Amino acid sequence: MQAAIENENEMLLQVDDLKVDYQMEGAVGRAVDGVSFALRKGECIGLVGESGSGKSTIAKAILKLLPSNGALAGGRVILKGRDISHFTEEEMDAIRWAEISLVPQSAMNALNPVQRISSQMVETFLAHQAKADSRKTLLDKCQQLFEMVGLSRNRIFDYPHQFSGGMRQRATIAMAIALEPSVVIADEPTTALDVIMQAQIINLLKSLSEDKGVSIILITHDISIVAQICQRVGVMYAGRLVESGDILKVFNNPFHPYTMGLKAAFPTIKELKKTLISIPGSPPLLTKRLEGCCFSDRCPFSIEQCQRVIPHTVTIREDHYVACHRIEYAERFRKEIIDIFGTRVRGQS
Amino acid sequence: MERRYIASRIAQTIITLYAVLTLMWVLFRLVPGDPTAMFLSGRLSPEDVEAIRKLWGLDQPLHVQYFKYMKNLSMGDLGISFSYREPVLKVMLPALFNTLILMIPSILMAIVVGTLMGTNLGWKRGSARERIGVVLSLFVRSFPVFLTGIIVLMIFVHLLGWFPLGGMRTIGAFGLSWWERFLDVSHHLALPFGVAFLYYVGDVVVISRTSMLEMIGEEFLQFAKARGLSDKKVKKIAMRNAIIPVITYSTILIGFAFGGQVLLEVVFAWPGVGRLMVNSVQIHDYPVAQAAFFLMATAVIIANLLVDFSYGYLDPRISIQKR
């Protein structure tokens with residue numbers, strides 16, 4: 001996912017050395033620290049990591065929707081060759097939704113409760129059209145979108161509270177693709193849903209990506225969802241991208257101890273007897289200035305160098321990048337990590 | 001909205017009104033003193049007092065008086081004023097008209113201006129303008145009406161002489177055209193209108209600001225921003241959502257307008273319901289006092305009813321359903 005290495009032309013969106021700071025009661029917290037990745041046309045990439053690792057902040061930074069105490073501290077966001085990180089509000093209004101749209105985490109709260117969904121969709125069109133189509137044409141377009149995401153066209157005149165959680169998420173997805181944007185950022189689109197709805201929404205996103213060629217950045221803490229639809233993945237920890245690349249390479253042969261831990265923390269149906277692990281400790285405080293590797297405090301393989309020097313991101317092989325000082329021992333770590341943290345799955349002990 | 005809900009809500013309102021009427025009737029009879037006292041006692045012989053009491057029906061047992069009152073009221077007869085010797089309606093209606101031409105414009109303007117100011121202040125949270133605006137609106141809000149009134153009278157009447165001292169019309173001005181009369185009343189109205197506006201606008205500003213503050217950080221606003229809507233449009237969405245509690249408050253405020261503003265009417269010698277009400281209570285003019293209080297209670301209760309009905313429209317999440 002290293003931006004510089006890729007061919008510039010087929011790159012839709014490049015995030016280059018992105019840094020985001022939050023003002024927090026006197027102290028400055030760096031929520032995103034030098035993250036770089038790129039999104040190709042028609043590709044679906046996943047950003048995984050635990051809560052507070054900076055995933056959602058990246059989404060907000062790309063759209064320039066950071067809260068008032070947050071600010072871009074460095075880096076570039078290049079959309080189709082243009083650096084949009086310095087765009088003014090007015091310029092961003094044109095980029096937002098027309099070029100980059102968002103599927104929000106909580107569709108419940110993302111829709112205006114006192115406005116019919118139809119008029120919310122129509123107003124989105126109107127905000128981006130110099131000479132607007134007639135209301136009827138727009139409404140018809142919106143109804144087609146509703147059908148595309150599996151909603152009945154008459155339900156478009158409902159208010160958000162008349163929809164179930166899954167329907168609301170479908171409606172926001174319909175909105176997200178309404179202007180045929182180049183990039184759709186899905187920020188934990190399934191977190192608030194039950195498993196059945198999750199599967200349906202994932203399938204919907206998958207079909208959008210495969211059939212319509214929509215490029216998706218999927219932000220989630222659930223690596224099984226990433227595994228289902230993404231071609232590439234970035235693993236985030238404490239605001240940094242610790243490992244990234246082709247999804248099979250990263251998950252089959254992780255090189256960063258955190259990725260190993262993350263992978264081993266998720267159960268799979270195929271391997272019921274698999275030992276699940278949990279990594280003790282929690283991510284460092286946002287306001288703590290990190291001298292070394294961000295994972296060194298929790299890493300069982302941490303050595304003196306890890307505490308002191310920030311590891312560079314190195315290329316392991318084609319499309320597989322890791323930021324770790326001890327990649328040469330990765331194979332040994334993969335075995336040991338289970339023994340160190342292993343707890344048997346319930347019922348298997 | 002469901003018809004059954006409306007019907008039951010109206011039935012409730014009627015029961016409430018009946019309870020208010022009864023309570024008021026009882027309360028006025030519990031107040032120490034006697035309607036005949038306004039004839040400066042002493043000079044009336046006990047026989048005369050008895051004759052007046054008999055004339056007004058006050059010699060009858062209380063329950064008879066009560067049923068008679070209710071019976072007359074149900075036929076729209078509010079009785080005859082003890083002091084004015086005229087039907088209560090004839091006394092009340094001009095006073096009500098005077099009160100409403102003062103209160104309705106000032107309250108409506110307070111609502112419109114207050115909502116615009118309050119939502120704007122809330123939207124610009126933390127700015128210097130917001131802090132000044134909040135302090136200022138709390139300041140005018142906590143100033144008693146009579147004090148503001150007297151200060152305004154001192155400045156604009158005594159020092160500058162721009163406005164008349166009080167009352168509603170220039171005394172002794174006859175033969176004016178319709179237009180001249182209108183100008184004359186407006187001239188008299190300006191100061192009490194301004195004072196009432198200042199008094200009411202503070203609360204509206206504070207309520208709508210708080211309501212707007214609750215909108216900041218709402219996800220649907222951020223989502224609207226993400227959809228590429230301009231700041232102006234996003235603010236509009238926030239205002240539409242923030243306005244709901246303001247409307248509740250405003251409707252009830254208009255209900256209270258029917259009772260007038262006693263202090264304001266006294267300071268500016270405005271011949272409204274408020275003064276009439278206080279006067280009638282003091283001289284035990286039961287029919288007028290009861291009618292005035294009844295009018296105010298009715299207005300407030302009906303305002304509440306309208307708020308309840310309007311909610312379904314204002315906030316579609318609130319729907320009326322059978323339980």
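Looking at B:93, B:21, B:62, B:55, which one is modelled with pLDDT of 80 or more and more than 26 Å from the chain's Cα centre (by Cα)? Can you show your working first?
Values: B:93 fails: more than 26 Å from the chain's Cα centre (by Cα); B:21 fails: more than 26 Å from the chain's Cα centre (by Cα); B:55 fails: modelled with pLDDT of 80 or more.
From the options B:93, B:21, B:62, B:55, the qualifying one is B:62.
Given the structure, is residue B:197 in contact with a Phe, Trp or Tyr (Cβ under 9 Å, 6 or more places away or on another chain) and surrounded by 13 or more Cβ atoms within 10 Å (Cβ to Cβ)? Talk me through it step by step, then tell me what you get.
Working: in contact with a Phe, Trp or Tyr (Cβ under 9 Å, 6 or more places away or on another chain): no; surrounded by 13 or more Cβ atoms within 10 Å (Cβ to Cβ): yes.
Answer is no for this residue.
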Among the residues of segment A:24-34, are any crowded, with 16+ Cβ neighbours inside 10 Å, more than 20 Å from residue A:226 (Cα to Cα), among the β-branched types (Val, Ile, Thr) and within 18 Å of the chain's Cα centre (by Cα)? yes
If you go through segment B:194-215 one residue at a time, how many are within 16 Å of residue B:245 (Cα to Cα) and of a type in the set (A, V, I, L, M, F, W, C)? 8
Please find, among B:229, B:221, B:160, the residue that is out of contact with any Gly (no Cβ under 7 Å at 6 or more places or on another chain) and either more than 14 Å from chain A (Cβ to nearest Cβ) or surrounded by fewer than 19 Cβ atoms within 10 Å (Cβ to Cβ) (or both). B:160
Inspect segment A:53-63 for any residue being within 11 Å of another protein chain (Cβ to nearest Cβ), farther than 14 Å from residue A:183 by Cα and modelled with pLDDT of 90 or more and give the result as yes or no. no
Test: residue in segment A:169-178 that is in a loop (DSSP other than H, G, I, E, B), surrounded by 20 or more Cβ atoms within 10 Å (Cβ to Cβ), modelled with pLDDT under 90 and of a type in the set (Gly, Ala, Ser): yes
Evaluate segment A:152-162: report whether one residue or more is within 13 Å of chain B (Cβ to nearest Cβ), closer than 22 Å to residue A:47 by Cβ and not charged (D, E, K, R). no
Residues of segment A:312-340 that turn out to be surrounded by fewer than 18 Cβ atoms within 10 Å (Cβ to Cβ), modelled with pLDDT under 85 and touching a strand residue (DSSP E or B) at 6+ places or on another chain (Cβ under 7 Å), as a count: 1
Which of the residues belonging to segment B:83-124 are β-branched (Val, Ile, Thr) and surrounded by 18 or more Cβ atoms within 10 Å (Cβ to Cβ)? B:88, B:91, B:99, B:107, B:111, B:115, B:119
May I ask you to say which residue of B:209, B:240 is modelled with pLDDT of 85 or more and more than 14 Å from every other protein chain (Cβ to nearest Cβ)? B:209
Would you pick out the residues in segment B:140-167 that are assigned to a helix (DSSP H, G or I) and in contact (Cβ under 8 Å) with a residue 60 or more places away in the chain? B:140, B:141, B:142, B:145, B:146, B:149, B:150, B:153
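Quick one: would you say residue B:84 is part of a helix (DSSP H, G or I), over 20 Å from the mean Cα position of the chain (by Cα) and outside the structural domain of residue B:261 (by TED's automatic domain parsing)?
No: the conditions fail for residue B:84.
Provide a single number: the residues in segment B:130-156 that are among the aliphatic types (A, V, I, L, M) and surrounded by fewer than 16 Cβ atoms within 10 Å (Cβ to Cβ). Steps first, answer last, please.
If we filter segment B:130-156 for residues that are among the aliphatic types (A, V, I, L, M), which is where we start, we get B:132, B:134-136, B:138, B:140, B:145, B:147, B:150-155.
Among the residues that remain, those that are also surrounded by fewer than 16 Cβ atoms within 10 Å (Cβ to Cβ) are: B:132, B:135-136, B:138, B:147, B:150-151, B:154-155.
Qualifying residue count, segment B:130-156: 9.
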Evaluate the following for residue A:121: is it closer than 25 Å to residue A:55 by Cβ and not acidic (Asp, Glu)? no
If I ask for residues that are at pLDDT 90 or above and in contact with a Phe, Trp or Tyr (Cβ under 6 Å, 6 or more places away or on another chain), which ones from segment A:139-168 would you list? A:156
What are the residues in segment A:44-72 that are part of a helix (DSSP H, G or I) and under 14 Å from residue A:22 (Cβ atoms), if any? A:56, A:57, A:58, A:60, A:61
Identify, from the list A:187, A:246, A:211, the residue that is free of Cβ contacts under 8 Å to residues at least 60 places away in the same chain and of a type in the set (D, E, K, R). A:211
What number of residues in segment A:280-334 are outside any loop (DSSP other than H, G, I, E, B) and more than 30 Å from residue A:25 (Cα to Cα)? 17
Residue count, segment B:300-323, condition within 14 Å of chain A (Cβ to nearest Cβ) and assigned to a helix (DSSP H, G or I), comes to 5
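The values are calculated or read from the model by the stated rules, or taken from the named source; none is laboratory data. These figures come from a predicted structure and were not determined experimentally. Note: ideal-geometry Cβ built from the backbone for every residue, glycine included; neighbour counts use all protein chains shown.
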